[in-house]
Amino acid sequence: MKEKPKMHFWQVWNMSFGFLGIQFGFALQNGNASRILLTFGADVHHLSWFWLVAPITGMIIQPIIGYMSDKTWCRLGRRRPYFLVGAIMTSIALVLMPNAPHLASFIAPMFIGGGLLMIMDASINISMEPFRALVADKLPESQHTLGFSVQTLLIGIGAVVGSWLPYILGNWMGISKDSGHAGLVPDNVTYSFYFGAFVLLATILWTIFSTTEYPPEVLTREEKEEKSGKFFIPPVMVKLLLVQFFSWFALFSMWVYTTPAVALKYYGTTDANSVPFQEAGNWVGILFGVYNGVSAVIALMLPIVAKRLTKKVTHALALGIGALSLLSFLIFTDPHYLIIPMIGIGIAWGSILAMPYAMLASSIPPRKMGMYMGLFNMSITIPQIVSGILSGFILKYFFADNPILCIIMAGASMFLGAISALFIREKTVI
């Protein structure tokens, strides 16, 4: 089959617009799940265990959804039915999560919260995985980097607003930052989750109604023209697995431990129900918004840089900057200066969201795009599971309960990812 026709920027934008809402919800989860679970009574040493439900769920859900979406065709198309189902389920979980204490009659709120975290992540994966496949479905190879970069741009925009919203509501709009009762989530966080549910559903509906998919006869023609229907693992995927392991091990550690690390080092507290701890949580939301905002800007530059330096060198450089930024947490004594390393982390995050997929997309069979993308996403979930199992043990027995050292461990891991990226051999396989 000849190369697919190129799409103009706004077509690519509409096709990926739902990712803004997905990341809005994902940012609320990443920035607030730790403090919500700690508020419900979770032990900091067990915190990573609660976070394990997300990658385990993703590891199971993504390959299944990818395979199913490859085989699906209905009035909504091939990928879009999964966008809709995932959006509805995620929106419900976002509304329920901060209200876990009100749902608890016989089960502790933190276990309800953990269950809702699992449902939320499963639902996000139902929507997210087909979005990755849709870019490869619709765009010619020459626009793959553009497609994944636009997704990264929208991810950044959604994540900035989602990360900052609790701080904005609490500090600028007068919404209460104190629940008034131990074990309850403050109003500014609760209302943020409500708004996130609305944004997620609205943006995915925009993509569903503004984007078409290639009809079944085109997919059938592609299938006949493929040289082999056998399953194979592209060499570039094998090399990317190691890069992904170190990158996502680092990210998981950062997401889990930034809030308790900032609360202990800069606010002098480990009491999750104290006002200083909640202030630390709000500030972490701002910091996470900064790195996501930087990633949105970087997304616009990635295609240009990758064209000059190659994709693998661009990715290695970005990961190296992110590693140094995480390591620099040891230097700063004022939490406001943490904005500086967050800029570097944003550069790494922007590349992590785009470059591995751009390197991979041209190397896998078109009709099996969803399945391969789902399998590749296991390179995201497995390192998070490893981190979740080991990091609590490491924190307790090696880091003397100092969570800032978990951030340093994340920096070392990301540096290994940068080195590993240089060994990738970029090759296009049809």
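Out of curiosity, is Lys368 under 28 Å from Thr259 (Cα atoms), assigned to a helix (DSSP H, G or I), in contact (Cβ under 8 Å) with a residue 40 or more places away in the chain and more than 22 Å from the chain's Cα centre (by Cα)?
No: the conditions fail for Lys368.
Given Val313, Val305, Val294, which one is assigned to a helix (DSSP H, G or I), out of contact with any helix residue (DSSP H, G or I) (no Cβ under 6 Å at 6 or more places or on another chain) and of a type in the set (A, V, I, L, M, F, W, C)?
Answer to the selection: Val313.
Going by what's in this entry, would Ser105 be described as at pLDDT below 80 and among the hydroxyl-bearing types (Ser, Thr, Tyr)?
Considered against the rule, which asks whether it is at pLDDT below 80 and among the hydroxyl-bearing types (Ser, Thr, Tyr), Ser105 comes out as yes.
Condition first: assigned to a helix (DSSP H, G or I), farther than 30 Å from Leu360 by Cα and touching a Phe, Trp or Tyr at 6+ places or on another chain (Cβ under 7 Å). Now tell me which residues in the range 375-407 satisfy that.
Passing the criteria: Gly392, Ile404, Leu405, Cys406.
Among the numbered criteria (1) under 25 Å from Met378 (Cα atoms); (2) surrounded by 21 or more Cβ atoms within 10 Å (Cβ to Cβ); (3) modelled with pLDDT of 80 or more, which single criterion is violated by Val135?
The failed condition is (3).
Could you check how many residues of the range 179-199 are touching a helix residue (DSSP H, G or I) at 6+ places or on another chain (Cβ under 6 Å), modelled with pLDDT under 80 and more than 15 Å from Asn32 (Cβ to Cβ)?
Here the count works out to 1.
Exactly one of (1) surrounded by fewer than 24 Cβ atoms within 10 Å (Cβ to Cβ); (2) within 30 Å of Ser176 (Cα to Cα); (3) without any contact (Cβ under 8 Å) to a residue 60 or more places away in the chain is unmet by Val275. Its number?
Looking at each condition in turn, Val275 falls short on (3).
Look through Phe83, Phe50 and report the one residue that is part of a helix (DSSP H, G or I), surrounded by 24 or more Cβ atoms within 10 Å (Cβ to Cβ), at pLDDT 85 or above and of a type in the set (Phe, Trp, Tyr).
Unique residue meeting the criteria: Phe83.
Take the range 53-80 and flag every residue that is under 18 Å from Phe26 (Cα atoms) and either of a type in the set (Lys, Arg) or crowded, with 22+ Cβ neighbours inside 10 Å (or both).
If the condition is that a residue be under 18 Å from Phe26 (Cα atoms) and either of a type in the set (Lys, Arg) or crowded, with 22+ Cβ neighbours inside 10 Å (or both), then Ala54, Pro55, Gly58, Ile61, Gln62 are the ones that fit.
One line per residue, one yes/no per condition, for (1) more than 20 Å from Pro403 (Cβ to Cβ); (2) modelled with pLDDT under 95; (3) surrounded by fewer than 20 Cβ atoms within 10 Å (Cβ to Cβ):
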site	(1), (2), (3)
Leu317	yes, no, yes
Leu327	no, no, yes
Ala361	yes, yes, no
Leu375	yes, yes, yes
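Taking the range 308-339, which residues are without any contact (Cβ under 8 Å) to a residue 12 or more places away in the chain and under 21 Å from Gly147 (Cα atoms)?
Of everything in the range 308-339, those that are without any contact (Cβ under 8 Å) to a residue 12 or more places away in the chain and under 21 Å from Gly147 (Cα atoms) turn out to be Arg308, Leu309.
Can you tell me which residue among Ile168, Ile155 is surrounded by fewer than 24 Cβ atoms within 10 Å (Cβ to Cβ) and either within 25 Å of Trp349 (Cβ to Cβ) or modelled with pLDDT of 85 or more (or both)?
On inspection, the qualifying residue turns out to be Ile168.
Please work out if Ile380 is modelled with pLDDT of 95 or more and surrounded by fewer than 23 Cβ atoms within 10 Å (Cβ to Cβ).
No, not satisfied.
Among (1) out of contact with any helix residue (DSSP H, G or I) (no Cβ under 7 Å at 6 or more places or on another chain); (2) buried (at least 21 other Cβ atoms within 10 Å of the Cβ); (3) not in a helix (DSSP H, G or I), where does Thr333 come up short?
(2)
Which condition number in (1) at negative phi; (2) more than 24 Å from the chain's Cα centre (by Cα) is the one that Val290 fails?
(2)
If Phe9 meets every condition in (1) buried (at least 23 other Cβ atoms within 10 Å of the Cβ); (2) under 17 Å from Gln151 (Cα atoms) apart from one, which number is that one?
Just one mismatch for Phe9, condition (1).
What pairs come up if the first residue lies in the range 69-80 and is assigned to a loop (DSSP other than H, G, I, E, B), the second is aromatic (Phe, Trp, Tyr) and modelled with pLDDT under 85, and their beta carbons are under 9 Å apart, counting only those six or more places apart or on different chains?
Hits for this filter: Arg78/Tyr214; Arg79/Phe131.
Within the range 14-42, can you find the residues that are aromatic (Phe, Trp, Tyr) and in a helix (DSSP H, G or I)?
Phe19, Phe24, Phe26
Across the range 257-276, what is the total count of residues that are at negative phi, modelled with pLDDT of 90 or more and of a type outside the set (Lys, Arg)?
The total comes to 12.
The values are calculated or read from the model by the stated rules, or taken from the named source; none is laboratory data. Computed from a prediction, not measured in an experiment: that's the story for all the values here. Because the Cβ atoms are built from the backbone with ideal geometry, glycine has one as well, and the counts that use them run over all protein chains shown.
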